[in-house]
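*Asks:* Questions regarding the structure given below will be posed in turn.
The values are calculated or read from the model by the stated rules, or taken from the named source; none is laboratory data. These numbers were taken from a predicted model, which means no experiment stands behind them. Note that we place each Cβ from the backbone using ideal geometry, even for glycine, and neighbour counts take in every protein chain shown. To get the accessible areas, we keep the full protein, side chains included, count just its heavy atoms, and leave off ligands, DNA and RNA. Shrake-Rupley method; radii C 1.70, N 1.55, O 1.52, S 1.80 Å.
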Amino acid sequence: MLIVNLLGIVLIGLIVWWFWLYKPARAVDLNEKNLIIVVNNGVYQPSKIKVEAGKKNSLKFFRKDGSPCAATVIFPDIEISEELPVNSNKTIDLPSLSPGEYSFHCPMKMYKGTLVVD
Ligand SMILES: [Cu+2]
């Protein structure tokens with residue numbers, strides 16, 4: 001009985017951590033490696049991406065989540081809205097950007113990410 005209760009508490013802790021506390025700390029540099037943003041389980045992974053200012057960059061997405069809401073990624077500040085096909089790569093070309101943070105998300109904002117332009 002005690003073990004079951006303990007397991008329950010650990011599970012609740014994990015759920016709280018995953019949905020409310022977990023924030024990827026550091027922005028991943030787009031130029032460090034040939035980065036692919038995986039769309040799955042309610043998160044963009046990585047969700048914080050550093051790109052160079054004043055230069056045209058492109059982002060590669062790979063969507064695993066079949067739910068319709070994950071199908072579209074929107075960059076409201078730069079007026080980009082693109083469809084992401086399931087289980088294949090999709091490249092989105094970005095215009096050259098001035099320094100700052102630009103958010104991107106799915107239509108319901110369940111999936112959320114940030115571009116850190118520097
Ligand atoms: Cu969504």
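*Asks:* Given the options 85, 45, 58, identify the residue whose Cα lies farthest towards the positive end of the charge dipole of the chain (+1 on Cβ of Lys, Arg; -1 on Cβ of Asp, Glu).
*Replies:* 45
*Asks:* For the chain, set up a Gaussian network in which alpha carbons nearer than 10 Å are linked by springs, and say which option among 87, 34, 57 fluctuates the most.
*Replies:* So, out of 87, 34, 57, the one fluctuating most is 34.
*Asks:* Here's something else I'd like to know. Calculate, for segment 25-117, the solvent-accessible area per residue in square angstrom, rolling a 1.4 angstrom probe over the heavy atoms of the protein chains.
*Replies:* Per-residue accessible area for segment 25-117 comes out at 53 Å².
*Asks:* What figure in square angstrom, to the nearest 10, would you give for the accessible area of residue 110 with a 1.4 Å probe?
*Replies:* Ignoring ligands and nucleic acids, residue 110 comes out at about 100 Å².
*Asks:* I've got another one for you. Computed over the Cα atoms, what is the radius of gyration of the chain divided by 2.2 N^0.38 Å, N being its residue count?
*Replies:* 1.23
*Asks:* Using only Cα atoms and rounding to the nearest 10 degrees, what angle (0 to 90) does helix 2-16 make with the longest principal axis of the chain?
*Replies:* The two axes meet at around 20 degrees.
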